[in-house]
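Engineer: If you scroll down you'll find the structure; I have some questions about it.
The values are calculated or read from the model by the stated rules, or taken from the named source; none is laboratory data. Nothing here was measured: the structure is a model prediction, and the numbers come from that model. Positions of Cβ are backbone-derived with ideal geometry, glycine not excepted, and every protein chain shown enters the neighbour counts. Protein only, heavy atoms only, side chains kept; ligands, DNA and RNA dropped before computing areas. Shrake-Rupley method; radii C 1.70, N 1.55, O 1.52, S 1.80 Å.
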Amino acid sequence: MSDRIRDVYVVDAVRTPVGKYGGGLSGVRPDDLAAHVVRSLVARTPALDPARIDDVYFGNANGAGEENRDVARMAVLLAGLPVSVPGTTVNRLCASGLESVVQAARAIAVGDAHIALAGGVESMSRAPWVLPKPERAFPAGHQELYSTTLGWRMTNPAMPPEWTVALGEGAELIADKHGITREAQDAFALDSHRKAARAWQDGAYDAEVVACPDTDLVRDETIRDSTSMEALGGLKPVFRKGGTVTAGNSSPLNDGAAALLLCDEEGLRATGREPLARIGARAVTGIEPQFFGLGPVEAVHRALAKAGRSFADLATVELNEAFAAQALGCLAEWPELDPAIVNPRGGAIAIGHPLGASGARLAGAVAHQLAARGSGTGVATLCIGVGQGEALVLER
């Protein structure tokens, strides 16, 4: 191991278009989605000998189905990388993709690696049902299947009930806490769709999105170019009678994958490329599970403090939009942050939230935005189910 902490660079970042539940990517296995972004990422750096990749880190929130437990290793093999390239899968639920970037960057920073890939994948369409083993052999009655698509399953009865509320009810609690109205949430959602549609129209995503072979999906599938306040206002609350959280102001269920190429200075020379950005500080924090949506608040404060930066130094922020109420709750607790720099190319309400992939998508988005600007500091951050938040600072 090196006796110094090394700088870590984001050389490149790619992602698939994000598919809707049962939509354009639902016919693609998650291990194939992961292999596609790995293969695409390596192909974009022809000077790099793939055998020099020290490790591959991939986030995944499920692992119960075709991910085959270690989807990172599956992606390495399916992508045709040398069998000498290892792979490890990490799970921090909604921030799994960001956690993979953090772990890969940490390995490079301390000298355990020179070159690593980090990413994430989720197919919520293909998430299986699972059947728990019975308490005793040969049960006579019916057995209950559990969906692994989203949320709590086979919950431990020792968990306090206020911790195990549905994710959408957690968003309602944040709306209550900060007095966030239905109209404010719908307006936020509408803005997300408009920014995402404009970004695609302007070609802002051309540098990072790689369409999947044998699919017709070339753009994020859940963007609604023509939605309106009237259309959003006509949707009924989903989680609470008389509530404010609807399908229109929440992120949808999605499929997708993303990956980043990370290097130290030695690895950078092997790529022959100019990096998009440099990895800065990172932080992860915990919070009461029912208020999971506010997890980014303290995580961002801590990451910025470690980086010696403030909100005034930021050029862009990618804040995952699990729910409009959740994102607005975070913004309410960051009064010094200019909301105009948050999710400038649209957020998860429009683009989608394939759980294990989203953190890698956000980190890659910040890196590409900083490269397009030529300089600056940015943050990628997500709330995490069961009450956590994670943030990563990037600089150029």
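Engineer: Mind checking which residues of region 229-245 are touching a helix residue (DSSP H, G or I) at 6+ places or on another chain (Cβ under 7 Å) and in a loop (DSSP other than H, G, I, E, B)?
Structural biologist: 238, 239, 240, 243, 244, 245
Engineer: Given the residues 198, 136, 182, 219, which is the only one that is basic (Lys, Arg) and modelled with pLDDT under 95?
Structural biologist: Of the residues listed, the single one that is basic (Lys, Arg) and modelled with pLDDT under 95 is 136.
Engineer: I'd like to check something: does region 291-313 contain any residue that is in contact with a helix residue (DSSP H, G or I) (Cβ under 9 Å, 6 or more places away or on another chain), among the basic types (Lys, Arg) and either part of a helix (DSSP H, G or I) or open to solvent by 10 Å² or more (accessible area, probe 1.4 Å) (or both)?
Structural biologist: Yes.
Engineer: Evaluate region 86-100: report whether one residue or more is more than 20 Å from residue 361 (Cβ to Cβ) and either open to solvent by 10 Å² or more (accessible area, probe 1.4 Å) or outside any helix (DSSP H, G or I) (or both). Lay out the reasoning, then the answer.
Structural biologist: The first filter runs over region 86-100 and keeps only residues more than 20 Å from residue 361 (Cβ to Cβ), leaving 86.
Remaining after also requiring either open to solvent by 10 Å² or more (accessible area, probe 1.4 Å) or outside any helix (DSSP H, G or I) (or both): 86.
Taking every residue of region 86-100 in turn, at least one turns out to be more than 20 Å from residue 361 (Cβ to Cβ) and either open to solvent by 10 Å² or more (accessible area, probe 1.4 Å) or outside any helix (DSSP H, G or I) (or both).
Engineer: Moving on to the next point. Yes or no: region 159-174 includes at least one residue that is more than 30 Å from residue 350 (Cβ to Cβ) and either modelled with pLDDT under 90 or assigned to a loop (DSSP other than H, G, I, E, B) (or both).
Structural biologist: yes
Engineer: If you don't mind, there's one more thing I want to ask. Any idea which of 273, 219, 282 is open to solvent by 40 Å² or more (accessible area, probe 1.4 Å) and outside any loop (DSSP other than H, G, I, E, B)?
Structural biologist: 282
Engineer: Moving on. What number of residues in region 343-389 are among the aliphatic types (A, V, I, L, M), crowded, with 24+ Cβ neighbours inside 10 Å and not in a helix (DSSP H, G or I)?
Structural biologist: The qualifying residues number 4.
Engineer: Taking the options 186, 206, 176, 214, name whichever one is closer than 30 Å to residue 371 by Cα and out of contact with any strand residue (DSSP E or B) (no Cβ under 7 Å at 6 or more places or on another chain).
Structural biologist: Sole residue among the options that is closer than 30 Å to residue 371 by Cα and out of contact with any strand residue (DSSP E or B) (no Cβ under 7 Å at 6 or more places or on another chain): 206.
Engineer: Right, next: Give me the pairs: first residue in region 178-199 and among the β-branched types (Val, Ile, Thr), second residue open to solvent by 50 Å² or more (accessible area, probe 1.4 Å), beta-carbon distance under 9 Å, and six or more apart or on different chains, which are they?
Structural biologist: Pairs that qualify, where the first residue is among the β-branched types (Val, Ile, Thr) and the partner is open to solvent by 50 Å² or more (accessible area, probe 1.4 Å), are 180/332.
Engineer: Taking into account only those residues within region 105-137 that are part of a loop (DSSP other than H, G, I, E, B) and touching a Pro at 6+ places or on another chain (Cβ under 8 Å), which is surrounded by the fewest Cβ atoms within 10 Å (Cβ to Cβ)?
Structural biologist: The initial filter retains those residues of region 105-137 that are part of a loop (DSSP other than H, G, I, E, B), namely 110-114, 124-128, 131-137.
Now narrow it down to the ones that are touching a Pro at 6+ places or on another chain (Cβ under 8 Å): 124, 126.
Details: 124: 28, 126: 21.
Per the criteria, the residue is 126.
Engineer: Here's a follow-up. Go over the candidates 341, 349 one by one and state the one that is in contact (Cβ under 8 Å) with a residue 60 or more places away in the chain and of a type outside the set (Asp, Glu).
Structural biologist: None of the other options fit; the residue is 349.
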